Structure formats: C-alpha cells, structure tokens
Amino acid sequence: MEHKISVLDVDIDTCTAKEALKKTIGFMESMPVNIVEMVTVDGLMQMDEMPEIKGEIRKFDLVMAGDRTILEAAEVTEKKYLQETEGQLFLKLFLRYLHKNHKRVYLLVESEEEGQAFFDYLQKYYEGIQVAGLAKVSAQNRADDMLVNAINGGEVDCVIAALSAPLQEDFIIRNRNLLDVRAFLGIGKSTLPVCRNSFVSGKLGQFLVKYIFKREIEKRKQK
C-alpha cells in the first residue's frame, strides 16, 4: 500500500523496495530524465529553511526515506518499511539491476577519496555496472555546464549522486531539462555505502544529527 507522508514539510513516498524498484526500472525505459531521491535525516535538516527547494522536491518522480528515523518520525510502524529502509534494500536491488543489465552510470561525489571508494565498491560488488564517468561537485566552484556536457557525452543511462543537501537537490533542479539521461538517483552523502562504514559519519556524527532531528520533530508536534 503506497501513500505519502510529510516530514519537515517534505513529501515522501512510502512503498516497498520492490515497488520502488519497479517504478525506477520503468523510469529507465523512458525519457526524459526522471528523478529518484533518497532523503536523509541530515538532508532534511539542511533543507529545513529552504521552502523553494522543498517545493521543487514535490516535482520529483519518486522520493523515499533513506533512513528509518524519518519513517519513525512520521509514525510509520509497518515493520517491512522500517526493515527495508534500514537495510537500504532498494539501493541494493537497483544496483543489482544496473549490474545485471550492464547499464552505464555517471557518479557525482564531493571528494576524490569518496569517488575512488565508491568506484572500488561498485567494481567489487557490482562489476557489471559500467562507470562512464566520475566527477567531484563543489558548492564553491560550480561548473554545471561542463559537467552536464560530460554526462551527456558519456551516453549514460543513470546518474548516481552522493552529495550533501542542498547541493544534490540544487544540481538536479537547475539541470533537469539539460540532462540527456533516463534517471537521476540522489542517494545523499551519508547513504554512500563507503561512508556508512566510517565511524564519524556512520556512528558518532549520525547519532548527533538524529538526536537533533528527533528533538525538532517533537518540538513541532507540541506546537
């Protein structure tokens, strides 16, 4: 059963990993670019004072919770949703789909270290994915026109962005009509598989962010 929830004024689709995968595969068979976003706790906090960004996110084709804390904040209790979100099942299924069908992808990251680690991760677990290109995106030195040209020139099927908010959202909002790809998947920096294994982002940092997030949710419920 699919419906929408609202967390910090961002509308999020609640659907199973298989339902989300089916939709996304459909996007991969159509043009123009379709946007799939996995919102994270830190992403929602970063965008909390950005109503224009939130308004644009409503136009995305599929918006999912990238963290079970988001579902819990909306009082979603279905164990299936919670477990699948915690285990990042949709992302694993989609990467498996890209792997089995030898799809071409372009990766967007924020540092060379993250890019190399992400590339190595895909080569180790999903070697069928053809990484046509990888680029570092910076909020300070944006060169969107050059990057769009590089992506389009690579003739890729999908762009996977592992960027912080609102950089990730701003990039696709500004360039949606220029990209010649079938799907744009924004997974957020904290969802990047190699980042989830680090102590700071995966343990201490995320604990603090989630603590602040939960306090903000409770404060708004009391208003």
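Okay, here's what the table says:
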| item | result |
| --- | --- |
| Rounded to whole Hz, the Karplus (6.51, -1.76, 1.60) HN-Hα couplings of the stretch 126-134, x for glycine and proline | 9, 5, x, 6, 8, 7, 7, x, 8 |
| Surface accessible to a 1.4 Å probe, per residue, for the residues of the chain, Å² | 51 |
| When each of Lys54/Lys124; Lys59/Lys124; Lys189/Lys219; Lys23/Lys124; Lys4/Lys59 is checked by Cα-Cα distance, pairs over 24 Å | Lys54/Lys124; Lys59/Lys124; Lys189/Lys219; Lys23/Lys124 |
| Farthest toward positive dipole pole in the chain [+1 Lys/Arg, -1 Asp/Glu at C-beta], among Ala183, Thr69, Phe119 | Thr69 |
| Pairwise label distance in nanometres, Ala74 with Lys92, each label 7 Å out on the Cα-Cβ vector | 2.2 |
| Rounded to the nearest 20 debye, dipole of the chain from Cβ charges on Lys, Arg, Asp, Glu | 580 |
| Computed FRET value (nearest 0.05) for Arg176 with Glu29, which takes r as the C-beta separation and R₀ as 22 Å | 0.75 |
| Selection from Ile25, Leu108, Met50 lying farthest towards where the dipole of the chain points positive, charges on Cβ | Ile25 |
| Accessible area (Å², 1.4 Å probe, nearest 10) - Ser190 | 20 |
| Per-residue SASA entry for Tyr81, accessible area with 1.4 Å probe, Å² rounded to 10 | 20 |
| Of all accessible heavy-atom area on the stretch 1-144, the percent that carbon and sulfur account for (1.4 Å) | 48 |
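The values are calculated or read from the model by the stated rules, or taken from the named source; none is laboratory data. Computed from a predicted structure; not experimentally measured. Using ideal geometry, Cβ is built from the backbone for each residue, glycine included, and neighbour counts are taken over all protein chains shown. These area figures cover heavy atoms from the full protein model, side chains too; ligands, DNA and RNA do not enter into them. Shrake-Rupley method; radii C 1.70, N 1.55, O 1.52, S 1.80 Å.
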